[in-house]
Amino acid sequence: MLLPNFTFEQEQQFFSQLQQAIENKSFDRLVLSQYQGELPQLEKMTFRIIELQGQPHLSCLYHHRTQDITKNYTIEAGLEKIAELLAQSKQANLLSSQLESQLKKNKKKAMLNTQHKQASDVSVEQQQHNREKQRYVQQSSPFLQHLGISDAKAQIIPSMARKWKQINKFIEIFSHAYAQIDSAQQELNIVDFGSGKGYLTFALYDYLQAQHKTPHITGVELRSNLVEFCQNVAEQVGFEHLDFFQGDVRSYEPERGLNEASLHPSASRELRSSGLDVMIALHACDIATDFAIHTGIRLNASMIMCAPCCHKELRPQLQSPTVLQPMLQFGIHAGQQAEMLTDTLRALWLKAYGYDTKVFEFVSLEHTSKNKMILATRTKPVQQPDAKIIQQIQELKTMYGIEKQSLELLLQDQMPVENIGCQC
């Protein structure tokens, strides 16, 4: 195959490195990011080698803002597609057993940074790869095949390897937190807001069944096609107490039995009769995370798991304290400060209502930039929120000039009706 006519010499060098890695079978993966082409929802692309009908193919996972799409190519067609996408991406990262190479470019120049691995590094890497890992979900679980994570032989599809890792990390976090609450409880009522394609929802149900528990899980998702898909899969794999319905965290009120026309009857009955044990909301946009936390507190959930994203509410209100103005004059720092302040206030409100609260990295930044998790386990019932913690909250708000924060308004029943809607 002839090299494409790239704009920069560094692009040609990078593409040659890719071809060589594929030819000598040292290729691991290629990640193209900061896409600048005509597809507005496309964020990055990950290429790996898979085997189809006994022949190697390049499999690409296209990461869009709202969904992931996998496409498979012959090696030659895949290289042509990579050349096209490489020209439309500002950054590319090539990883092989022999080198790691990064290409970064703008309109005027390109920079190529290549690091060759020593033989000892490759040996250690291979040992780590071969080391037996603890898995919280059995690779042979039928739901994995239905969701496109494993193939008919119960082997993880290479393009889904990172999702498989994320699933096990999520269940690991859940299992450790669950041990802190009433782990002797036989039945658990769980709501997963923004359940999407159900990867984590199904995995949690499967894990709890393996622990000889009886989970009653409801997945709440706005997209009707995903609700229908997940409900069909739940029926096919025999998960009798796993139900999905269309809606979102802002309108869902299980204890009052709202939306019963669209909510599976068994899910509504179970949640109202037994309360809520675990509330999950991963990547709930902007103040949807506040609604999710408020729902968990209001229903006395024993565990609340949130992965916030799209922190928009506090940024426009943020007023730099005098001592911090030299730092917060830079937009990226102001954005990071607003994000940190937002999640600190959320964590403090949870602590004020009797929850042991942790804020930590959920998965590596290599997998997603939305990697923060707020994990709260209820340690004691409270009649009134802790006054000392509320004072800390007010001092932080005063310091940064914050006048309005949705979780506080929700907890005080002061959220205006017009604000109950998507802020995306």
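Observations
- Looking only at region 194-206, residues that are open to solvent by 30 Å² or more (accessible area, probe 1.4 Å) and farther than 18 Å from Pro142 by Cβ come to 1 in all.
- In the condition set (1) over 19 Å from Gly296 (Cβ atoms); (2) at pLDDT 95 or above; (3) touching a helix residue (DSSP H, G or I) at 6+ places or on another chain (Cβ under 7 Å), Gln391 is compliant with all but (3).
- Condition check for Tyr207: modelled with pLDDT under 95, in a loop (DSSP other than H, G, I, E, B) and not small (Gly, Ala, Ser): no
- Test: residue in region 305-321 that is assigned to a helix (DSSP H, G or I) and farther than 18 Å from Leu409 by Cα: no
- Residues in region 207-219 that are surrounded by 23 or more Cβ atoms within 10 Å (Cβ to Cβ) and under 14 Å from Pro142 (Cα atoms): Tyr207 only.
- Residue in region 152-193 that is modelled with the highest pLDDT, counting only those that are assigned to a strand (DSSP E or B) and surrounded by fewer than 19 Cβ atoms within 10 Å (Cβ to Cβ): Ile156
- Complete set of residues in region 133-151 that are open to solvent by 20 Å² or more (accessible area, probe 1.4 Å) and either in a strand (DSSP E or B) or modelled with pLDDT of 90 or more (or both): Pro142, Gln145, His146, Gly148
The values are calculated or read from the model by the stated rules, or taken from the named source; none is laboratory data. As the structure is a prediction and not an experimental result, all values here were calculated from the model. A quick note on method: Cβ atoms are made from the backbone with ideal geometry, for glycine too, and the neighbour counts reach across all protein chains shown. Note: areas computed on protein heavy atoms with side chains; ligands, DNA, RNA excluded. Shrake-Rupley method; radii C 1.70, N 1.55, O 1.52, S 1.80 Å.
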